[in-house]
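Below you'll find the structure, written out as structure tokens, and then a few comments.
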Amino acid sequence: MKPITLTDDNFEQEVIKSDKPVLIDFWAVWCGPCKIIAPVVEELANEYEGKAKIGKLDVDENQQTSIKYGVRSIPTLLIFKNGKVKDTIIGAVPKVQIVQKLNAAL
């Protein structure tokens with residue numbers, strides 16, 4: 001399973017109205033650290049299938065959502081639960097750190 005492609009248009013439906021926790025990777029094509037964390041995000045999409053949604057949002061193409069949630073540096077990972085931000089992870093951090101925070105939201 002691949003991460004969901006999130007946009008300004010589907011954010012409300014896929015994230016805010018989700019009945020499961022959602023991990024969102026805010027990224028951009030030109031961002032080096034984003035490329036480092038991308039395989040981890042893909043692994044999580046498989047490992048958390050059915051338990052949580054894993055999505056990616058391109059900040060260049062979806063500036064409205066990035067601005068709304070104050071994403072200033074990328075990669076930024078936001079964990080949503082019940083339509084609200086539960087946790088924030090900034091930078092290319094080890095997978096174990098992301099897993100701990102995601103598990104806390106389950």
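The values are calculated or read from the model by the stated rules, or taken from the named source; none is laboratory data. Everything numeric in this text was worked out from a predicted model, so none of it was measured. Cβ atoms come from the backbone with ideal geometry, glycine included; neighbour counts cover every protein chain shown.
General remarks:
- Hits in the stretch 18-36 (condition: farther than 13 Å from Gly55 by Cβ and part of a loop (DSSP other than H, G, I, E, B)): Asp19, Ala28, Val29, Trp30, Cys31
- Residue check for Glu42: modelled with pLDDT of 95 or more and assigned to a helix (DSSP H, G or I): yes
- Test for Glu49: is it modelled with pLDDT of 95 or more and closer than 15 Å to Asn103 by Cα: yes
- Residue tally, condition part of a helix (DSSP H, G or I) and surrounded by 14 or more Cβ atoms within 10 Å (Cβ to Cβ), over the stretch 48-68: 2
- Among the residues of the stretch 92-106, those that are closer than 17 Å to Ile37 by Cβ and assigned to a loop (DSSP other than H, G, I, E, B) comprise Ala92, Val93, Pro94.
- Every residue from the stretch 69-91 that is surrounded by fewer than 19 Cβ atoms within 10 Å (Cβ to Cβ) and either assigned to a loop (DSSP other than H, G, I, E, B) or touching a residue at least 60 places away in the same chain (Cβ under 8 Å) (or both): Tyr69, Gly70, Arg72, Ser73, Lys81, Asn82, Gly83, Lys86, Gly91
- Number of positions in the stretch 1-40 that are of a type in the set (A, V, I, L, M, F, W, C), surrounded by 14 or more Cβ atoms within 10 Å (Cβ to Cβ) and free of Cβ contacts under 8 Å to residues at least 40 places away in the same chain: 1
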